[in-house]
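K.L.:
What follows is a single structure, and I will ask about it in a moment.
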Amino acid sequence: MKKLLAIIAVLALCAALFAGCGGPKAGEKVTLRLTTWTAGEEAAELQKILDDINSKNTDFQIIHEPSPADYQTKLMTTLSGGSGADLMWLDQAVVPGLAAKGAILDISDYLKNDKENAAAKVDDYFPKILQIANYQDKYFGLPWVAQPIMLYYNPKMFAAAGVQPPTADWTWKEFLAASAKLTIPGQQWGFIINTDNWPPQAIFVWQAGGEIMDVASKTCPIDSPQALEAFNYYYGMYGDNKHCPPASTIKEQGNEQMFRNGKVAMFMGGAADNHAQDGNLDNKLFTPLIAPLPKGPSGKSVTFGWSAITAINAKTANPAIAYKAFIQLTDAIHHWKVVAPRKSLATEENIMKAPHKTKADADQIMLVLNDMRCFNNILRQSEWDDVWYKEVLEPMRTDPKNIAAIAKKARPKLESYLK
């Protein structure tokens, strides 16, 4: 009997020690580290959100560790070394690789069992935005923004040139004709395409009915008739001085700055961008207006929806508490950033909360929410991207007469990274 009691006592002691090591002590707050690329005003706004969350919770506190310079390099280094933050912002391109390595937490079961938090309802997200957080049918985070690319334009330049403002039914042909009429070579231009591949060529390929990467079929049909039509259209305008300014002029004056200073009539930018500031002299030159992007020859209305996710470090010491903080933070950011990736929050009222966004702006943004999509991403995304930029986009930019040959040559190499 004494021997049995001794064994029970030892087991009880072990259980107590194990419980003490496995979680926080009663009344003790778990400190969770959050890393993001925010800086300046954005970081200050995020800190207010964190202060509010921390004040409402007794079991955790979130400490923000912003890293605006070389964010991705620092993030990968800390994750590899085992010192990564508990919560992190991730660009969509790195999600598949980190998920496959087990570096970020699979939160599928947490979301499935969470009946309390609205942000956990995956059916409320725009499907083509939510997919960036999904890898092999599991969720490794949630998007915190869905910012569609819109067409910003200068109404004063349109009026002076006698050109009708863009509409939701504008076609490539009408867009090109307007760009030509709005251009006075050497002085002002209708549109702007810069050497940093903005706006993304993929948008035009999608609008033409093509694709640059099809994960399901493991193909990169960049030499399809639709893709070639898009590339020829895009690089036909680039730096021609008839529709767009030369690269040398953009380098001297700045890409967005040329639009804000009234040197360019149209510019493609994110829905939440504020082009009424900086070089626009606090709105004294003109009040920029926005419209959906022109439709391509396929008749499709497609735009790129820039997004990123918040994820949880798979090595966090307290995954359940980390998820609790994560879901509260996700919901709070959805009420801060425009456009929210959730259909229930992507409303005219919420869009108008962004700086310099009017009801007219919100009406235009609402038109494109179901037309936005993200890029497809793969495990070897960084290698794919390297070929895409060096062996597709750069050669096409410098040698636009040989676009078909460039696409045909690069396609097999791009597809090798899908297999």
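K.L.:
Out of the total accessible area of the chain (probe 1.4 Å, heavy atoms of protein only), what percent is carbon and sulfur?
P.N.:
C and S atoms contribute 54 percent here.
K.L.:
Using a Gaussian network model of the chain whose springs link C-alpha atoms within less than 10 Å, name the residue from A99, A360, A85 with the highest mean-square fluctuation.
P.N.:
Answer for the Gaussian network model of the chain: A360.
K.L.:
Mean separation of Cα pairs under 8 Å and 6+ residues apart, divided by the residue count of the range 301-411: what relative contact order is that in percent?
P.N.:
Numbers: 62 pairs, mean separation 29.3, N = 111.
Relative contact order here is 26 percent.
K.L.:
Lys/Arg Cβ at +1, Asp/Glu Cβ at -1, dipole of the range 348-388 taken about the Cα centre: which of N370, M352, S382 is farthest positive-ward?
P.N.:
The residue sitting most towards the positive pole is M352.
K.L.:
Could you give the angle, 0 to 90 degrees to the nearest 10, between helix 403-416's Cα long axis and the longest principal axis of the Cα atoms of the chain?
P.N.:
10
K.L.:
Let me ask you something else. Would you mind checking the tilt of helix 71-81 against the longest principal axis of the Cα atoms of the chain, expressed as 0 to 90 degrees and rounded to 10?
P.N.:
On a 0 to 90 degree scale, this one is about 30.
K.L.:
Across 5 Å bins from the origin, how do the percents of Cα pairs in the range 156-233 run, short distances first?
P.N.:
3, 13, 19, 20, 17, 12, 8, 4, 3, 1
K.L.:
To continue, here is another question. May I ask you to derive the relative contact order of the range 191-347, considering only C-alpha pairs under 8 Å and at least 6 residues apart, and to give it as an integer percent? Spell out each step's value before the answer.
P.N.:
Details: 154 pairs, mean separation 33.9, N = 157.
Reported as a whole number, the value is 22 percent.
K.L.:
Another one. How much accessible area per residue does the range 26-160 have, counting only protein heavy atoms and a probe of 1.4 Å, in square angstrom? Let's see the in-between values first.
P.N.:
Working: 6400 Å² over 135 residues.
Averaged over the residues of the range 26-160, the accessible area is 47 Å².
K.L.:
Follow-up question, since we're still on this one. In debye, nearest 20: dipole of the chain around its Cα centre with unit charges on the Cβ of K, R (+) and D, E (-)?
P.N.:
620
K.L.:
Tell me which lysines have Cα within less than 25 Å of K401's Cα, excluding those fewer than 8 residues away on the same chain?
P.N.:
Leaving aside lysines fewer than 8 places away in the same chain, those within reach of K401 are K173, K181, K242, K251, K295, K390, K409, K413.
K.L.:
Taking the chain as the reference, fit the longest principal axis to its C-alpha atoms, fit the long axis of helix 2-22 to the helix C-alpha atoms, and give the angle between the two in degrees, 0 to 90, nearest 10.
P.N.:
20
K.L.:
On average over all directions, what projected area in square nanometres does the range 51-97 have, based on the convex hull of its Cα atoms?
P.N.:
Over every viewing direction, the Cα hull of the range 51-97 projects on average to 4.4 nm².
K.L.:
Further question on the same structure: Between K56, K242, K156, where does the largest GNM mean-square fluctuation fall for the chain, given springs only between Cα atoms within less than 10 Å?
P.N.:
K56
K.L.:
Right, here's the next one. Can you give the percent of C-alpha pairs in the range 175-306 whose distance is more than 24 Å?
P.N.:
Looking at the range 175-306, the distances longer than 24 Å represent 32 percent of pairs.
K.L.:
Further, regarding this structure: Identify all lysines with a Cα-Cα distance to K353 below 16 Å; exclude those on the same chain that are fewer than 8 residues away in sequence.
P.N.:
Straight-line reach from K353, under 16 Å: K337.
K.L.:
Please work out the average accessible area per residue across the range 306-361, using the 1.4 Å probe convention, and give it in Å². List each step's numbers first, then the result.
P.N.:
Details: 2170 Å² over 56 residues.
Per-residue value: 39 Å².
K.L.:
Under a 1.4 Å probe, what is the accessible area of the range 168-218 per residue, stated in Å²?
P.N.:
Numbers: 2030 Å² over 51 residues.
On a per-residue basis, the range 168-218 sits at 40 Å².
The values are calculated or read from the model by the stated rules, or taken from the named source; none is laboratory data. If you're wondering where the values come from, they're calculated on a predicted model, not measured in any experiment. Cβ atoms come from the backbone with ideal geometry, glycine included; neighbour counts cover every protein chain shown. Side chains are part of the model used for accessible areas, which takes the heavy atoms of the whole protein and leaves out ligands, DNA and RNA. Shrake-Rupley method; radii C 1.70, N 1.55, O 1.52, S 1.80 Å.
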